[in-house]
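S.K.: Here it is: the structure, laid out below.
The values are calculated or read from the model by the stated rules, or taken from the named source; none is laboratory data. These figures come from a predicted structure and were not determined experimentally. In case anyone asks, the SASA skips ligands and DNA or RNA and just uses the protein heavy atoms, side chains included. Shrake-Rupley method; radii C 1.70, N 1.55, O 1.52, S 1.80 Å.
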Amino acid sequence: MKAGRDAKKLEVVSVEDFNSFKEETKKTNETILNALESLLNKDPKKEILEPVEEKTESEIVPLTAKQKEVFDYYFAETDGFTSWYDINKNIFTIEVPMALSNTTPAYRALYKQDLRSKKVDSNDILGSIKAWCILVAQNLKYEKRIRLK
């Protein structure tokens, strides 16, 4: 056997150093065990981070002239249709009169109104409003009635 370079050097340690090392090791082990125990005992439902929702106030504004023109092309206010635009939430809403609504009786009894809302594309507001008006009119099978004076 080689006793030269493969042999490990042994260091002589005093009893006091050994006892202090032993105490530090014991404290470290207790800290680790406490941390693991607290992780295991936590309620897993609390660990899941809930998404933070931005709360924005709705600011309902009347339609601009161009938006009103698009809405009026598809719907007549004389038939009871109204619309508005929430500028903060970017939502366009059409209120359908109950006489022309195709919702179920249960829906009508619960909500007492028929609102058709759509989040519009902020890059193409007029195009989104036009597309939504077309879809709502098709769903209602509604054609704007022509009134002669």
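S.K.: Ignoring ligands, DNA and RNA, please state the percent of accessible area on region 67-149 from carbon and sulfur, probe 1.4 Å. Before the final figure, lay out the partial values.
M.R.: Values: 2980 of 5420 Å².
Result for region 67-149: 55 percent of the exposed heavy-atom area is carbon or sulfur.
S.K.: Could you give each residue of region 64-75 its phi-based ³J(HN,Hα) in whole Hz, using Karplus coefficients 6.51, -1.76, 1.60 with θ = phi - 60°, and x for Gly or Pro?
M.R.: Residue by residue, region 64-75 yields 6, 4, 5, 5, 5, 4, 5, 4, 5, 5, 9, 10 Hz.
S.K.: Would you mind working out the accessible area per residue for region 65-142, using a 1.4 Å probe, and quoting it in Å²? The partial results should precede the final answer.
M.R.: Details: 4570 Å² over 78 residues.
On a per-residue basis, region 65-142 sits at 59 Å².
S.K.: Additional query: In whole Hz, what ³J(HN,Hα) sequence does region 83-96 give by Karplus (6.51, -1.76, 1.60; θ = phi - 60°), x for Gly and Pro?
M.R.: 8, 7, 10, 8, 6, 6, 8, 6, 10, 9, 10, 10, 9, 8
S.K.: Okay, moving on. For region 78-127, state the average projected area of the convex hull of the C-alpha atoms over all orientations, rounded to one decimal in nm².
M.R.: Result: a mean projected hull area of 4.3 nm².
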